[in-house]
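Heads up, the thing below is written out as structure tokens.
The values are calculated or read from the model by the stated rules, or taken from the named source; none is laboratory data. Treat the numbers as computed from the prediction; the structure is a model and nothing was measured. For neighbour counting, all protein chains shown are included, and Cβ atoms are generated from backbone atoms with ideal geometry for every residue, glycine included. Just so you know, the surface numbers come from the protein's heavy atoms only, side chains and all, with ligands and any DNA or RNA stripped out. Shrake-Rupley method; radii C 1.70, N 1.55, O 1.52, S 1.80 Å.
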Amino acid sequence: MYHLLKSLLLLAILIASVLLLSCSKEKSLTINNPDGGVANNRFMVEGSFSHELGLTGQLRLRLEAINGPVRITGTNNSHAVQVSGKRQVFSESTADAQENLSRLEVEVSRVGDEILVQTFQPQETFGRNYVVDYTITVPRDFEIVVNNLNGEMILESLDNTVSITQTNGEVTLRDISGSTYLDLVNGQIDGEITLPTNGIIDWQTVNGQIDLAIPANTSAEFSAKVSNGTINFSNLQLRNEESTNRSLKGTLAGGEGTISLVSDNGTIKVTGF
């Protein structure tokens, strides 16, 4: 009996040792992988930034953004580009958000004839939300090129070509005199455009409404197409009109420029002013 009890005691000690070793290994793995993901992003930490670059022959602003609102405004008699705003990190604690704020960066540089503005953030966010809120001022005659993933965008008071590619977010254009190229996946487009001679308005969105206001004397070949939605056309004279339930085309004035509007899921509204 004594030997049996001794054997059972040794077996119990062995099992306890294995369980303890297993727990220790599991805890060690957890410690060595602290960035396995956050549970929520209710806490926010932010930091401001401001850059001003004098121009040495630059004619274009190129913004490579990722997530956050963008506002770009043109000004007269300006010889610099000003880039300011806020960097924000949302995480499960203030401490974690603060620790990761340094991993969200904005760089502004001169590259040839461009002012290049870039957002840099971790490729893996692990549930955190990284946001850059941009406010940018440029000379009114600057060309604008923007690539952004998510965020509302407002551009105003510009007299040159505007090109925007965005995945999610509304785009608003006000007091723009120049060609405009917009390619959106999810987002409404609302614009007031003065089209120069031989200029182009080329707007496409997969999911979202298009509202375009142009001068009543605009000269362009016009086409609009929807897959699921309607086309409303007012205060403009369209010659050689061809229309179906899902498309409208024709000539405005002399037909010198080009207007092409496409929305897969959304209404297209065009108004003359």
Tilt, helix 2-32 to longest principal axis of the chain (alpha-carbon atoms), in degrees rounded to tens, equals 20 degrees
Of the accessible area of the range 162-267, computed with a 1.4 Å probe and all protein chains kept, carbon and sulfur make up a percent value of 40 percent
Expressed in angstrom and rounded, the centroid-to-centroid distance over alpha carbons for the range 37-72 and the range 80-152 is 2 Å
If every Lys and Arg gets +1 and every Asp and Glu gets -1 at its Cβ, then about the Cα centre the chain yields a dipole, in debye to the nearest 20, of 940 debye
Using a 1.4 Å probe on heavy atoms of the protein chains only, the accessible area for Ile66 in Å², nearest 10, reads 40 Å²
In deg cm²/dmol, rounded to the nearest 500, the helical mean residue ellipticity at 222 nm of the chain, built from -39500 (n - 2.57) for every DSSP H run of length 4 or more, is -5000 deg cm²/dmol
If each K or R counts +1 and each D or E counts -1, the residues other than Thr137 whose Cβ falls under 14 Å of its Cβ total -1
Cross-link reach from Lys225 to aspartates and glutamates, straight Cα distance under 18 Å and at least 8 residues apart if same chain, gives Asp183, Asp190, Asp202, Asp211, Glu241, Glu242, Asp264
Per residue convex hull volume, Cα only, the chain, in Å³ is 169 Å³
